[in-house]
Structures are given as C-alpha cells and as structure tokens.
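Working notes, beginning with the structure itself.
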Amino acid sequence: MVQYRKMTIADVEAVYAIEVAAFPTPWTLDSFYYEMTENQFAYYTVAEENGEILGFCGSWLVIDAAQITNVAVVESARGRKIGEGLMREAMRVAREANMETMSLEVRVSNIVAQNLYYKLGFQDGGLRKGYYTDNQEDALVMWVKL
C-alpha cells in the first residue's frame, strides 16, 4: 500500500534518482539537499511503498500561496494514481498551513499532467513563453484556490 509522508534528508538520493529519470533538465543533488536543510519555505512529500520511494512532490509555502516546484513518479509506478495522491497530500498540507492558493507550471505538451490538475480543480492562469530551457517549450501556469 502506498503511503504519503514528509520527505526527509534520508530520502534525497532516491528523490534525486526519480528527478533525473523524469526530467530533461533535472535539479541537482545539491538543490535537493538545500531544500531539505536550508529552505524554510520548502515542503516535500514522498510516496513510499514497501520502503521504496515511488514519487515525490515539492512545494514552497510562502505567506499565503503554495507553489509546486516539481512532481515526479518512477516510470514503473505510473498509472497507479500516485501523482494524484502526491498532489492531494500537497494540497492538504498547504491548506493546513493556511495557504489560500496553489500554483504550478506544466509543459503545454504534458496533457496527462494537465488533466490531473484540472481534475483537482486547477484553472488556467496564462502562459510563460519559452519557460523550459531544454527546448524553449511554453509552460501553462495553473492555479487553484485552496
């Protein structure tokens, strides 16, 4: 059974491996250590099953707005609604921290992720032209009132 919990520094290596496999321009290992040790606004959730990290969702909780930084699930576990579980948990944590809104950027080509965000109540908030550095793809900004 998949369980969702707050990420710890002990999870950084596993989360980094998922990040590298999922994204063409991944965050660095040092970035994740920084998020766990220095960034007072960071809150990361991991999905774990039988001691294995299957996915993660990062967010920054600043004043009254939560920003999703990255969400990824290992390829072998995709299609099991783990991404949805991670997002629901991130939304729960943000509500508990009295955040009023949550936003994120998603590739305009990533229809699977967009459909999940729409399912969770997110709305379109505009485009960021050339947002992704690997191919200059635009990002769709999405947000939801918590």
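The table that follows gives values for the structure above.
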read-out: Residue, most open to solvent (accessible area, probe 1.4 Å), within the stretch 131-146, restricted to residues that are in a strand (DSSP E or B) and hydrophobic (A, V, I, L, M, F, W, C); value: W143
read-out: Residues (over 26 Å from K6 (Cα atoms), open to solvent by 100 Å² or more (accessible area, probe 1.4 Å) and not in a strand (DSSP E or B)) located in the stretch 103-130; value: K129
read-out: Residues that are open to solvent by 30 Å² or more (accessible area, probe 1.4 Å) and polar (S, T, N, Q), drawn from the stretch 44-102; value: N50, Q67, T69, S76, N98, T101
read-out: The stretch 90-102, residues that are β-branched (V, I, T) and part of a helix (DSSP H, G or I); value: V93
read-out: V2 vs. criteria within 22 Å of E84 (Cβ to Cβ) and within 14 Å of the chain's Cα centre (by Cα); value: no
read-out: Among the residues listed as T69, T101, the single one being among the hydroxyl-bearing types (S, T, Y), closer than 22 Å to D11 by Cα and modelled with pLDDT of 95 or more; value: T69
read-out: Only listed residue being in contact with a Phe, Trp or Tyr (Cβ under 7 Å, 6 or more places away or on another chain) and in contact (Cβ under 8 Å) with a residue 24 or more places away in the chain, chosen from L54, L29, L61; value: L61
read-out: Members of the stretch 18-29 that are open to solvent by 60 Å² or more (accessible area, probe 1.4 Å) and either within 15 Å of the chain's Cα centre (by Cα) or within 14 Å of V71 (Cα to Cα) (or both); value: V20, A21, F23, P24, T25, W27
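The values are calculated or read from the model by the stated rules, or taken from the named source; none is laboratory data. Predicted model, so just to flag it, every value in this text is computed and none were measured. Don't worry about glycine lacking a Cβ; one is built from the backbone with ideal geometry, like all the others, and counts go over all protein chains shown. Keep in mind that these areas ignore ligands, DNA and RNA; they rest on the heavy atoms of the full protein, side chains included. Shrake-Rupley method; radii C 1.70, N 1.55, O 1.52, S 1.80 Å.
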